[in-house]
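What follows is a single structure, written as structure tokens, with notes after it.
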Amino acid sequence: MAPYPWGTEISLSLSGLQPGRTYRLMAADAQGIRMAGGSVMVSTPRPVQTRMSTAMRRDAITTVLVEDQDGRLVASLLV
């Protein structure tokens, strides 16, 4: 994770996601407050390499969350 004055950039490698579906990326802090980090559309069954950007400060982030396009949590990554 890379801290910046505007927030944090997080490099991710995501696997096991379904091609043709869109996924939302979010950062969360210890209190469960979530902040948007962008989205990805999966085009192949191969792992997706991406970078998400969030306004949440690096020192506040405890978890990266991935939700499918229906709003279901599909991954929760402790950082």
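Here are a few things to note about the model shown:
- Criterion violated by Ala30 - all others in (1) out of contact with any strand residue (DSSP E or B) (no Cβ under 6 Å at 6 or more places or on another chain); (2) of a type in the set (A, V, I, L, M); (3) at pLDDT below 95 satisfied: (3)
- Flag for Met26 being in a loop (DSSP other than H, G, I, E, B) and either surrounded by 19 or more Cβ atoms within 10 Å (Cβ to Cβ) or among the polar types (S, T, N, Q) (or both): no
- Among the residues making up region 29-53, a single one is exposed (fewer than 14 other Cβ atoms within 10 Å of the Cβ), within 16 Å of Gly7 (Cβ to Cβ) and touching a residue at least 24 places away in the same chain (Cβ under 8 Å): Arg51.
- Selection status of Pro19, part of a loop (DSSP other than H, G, I, E, B), at pLDDT 95 or above and not polar (S, T, N, Q): yes
- Verdict on Gln69 being in contact (Cβ under 8 Å) with a residue 40 or more places away in the chain and surrounded by fewer than 16 Cβ atoms within 10 Å (Cβ to Cβ): yes
- Scanning region 44-59 for residues that are among the hydroxyl-bearing types (Ser, Thr, Tyr) and touching a strand residue (DSSP E or B) at 6+ places or on another chain (Cβ under 9 Å) yields Thr50, Ser53, Thr54.
- Residues that are part of a loop (DSSP other than H, G, I, E, B) and either touching an Asp or Glu at 6+ places or on another chain (Cβ under 6 Å) or aliphatic (A, V, I, L, M) (or both) within region 29-49 comprise Ala30, Ile33, Val42, listed in sequence order.
- Residue check for Met56: surrounded by 16 or more Cβ atoms within 10 Å (Cβ to Cβ) and not in a strand (DSSP E or B): yes
- Selection from region 28-50 of residues that are more than 14 Å from Leu73 (Cβ to Cβ) and among the aliphatic types (A, V, I, L, M): Ala30, Ile33, Met35, Ala36, Val40, Met41, Val42, Val48
The values are calculated or read from the model by the stated rules, or taken from the named source; none is laboratory data. Because the structure is a prediction, the values reported are computed rather than measured. Positions of Cβ are backbone-derived with ideal geometry, glycine not excepted, and every protein chain shown enters the neighbour counts.
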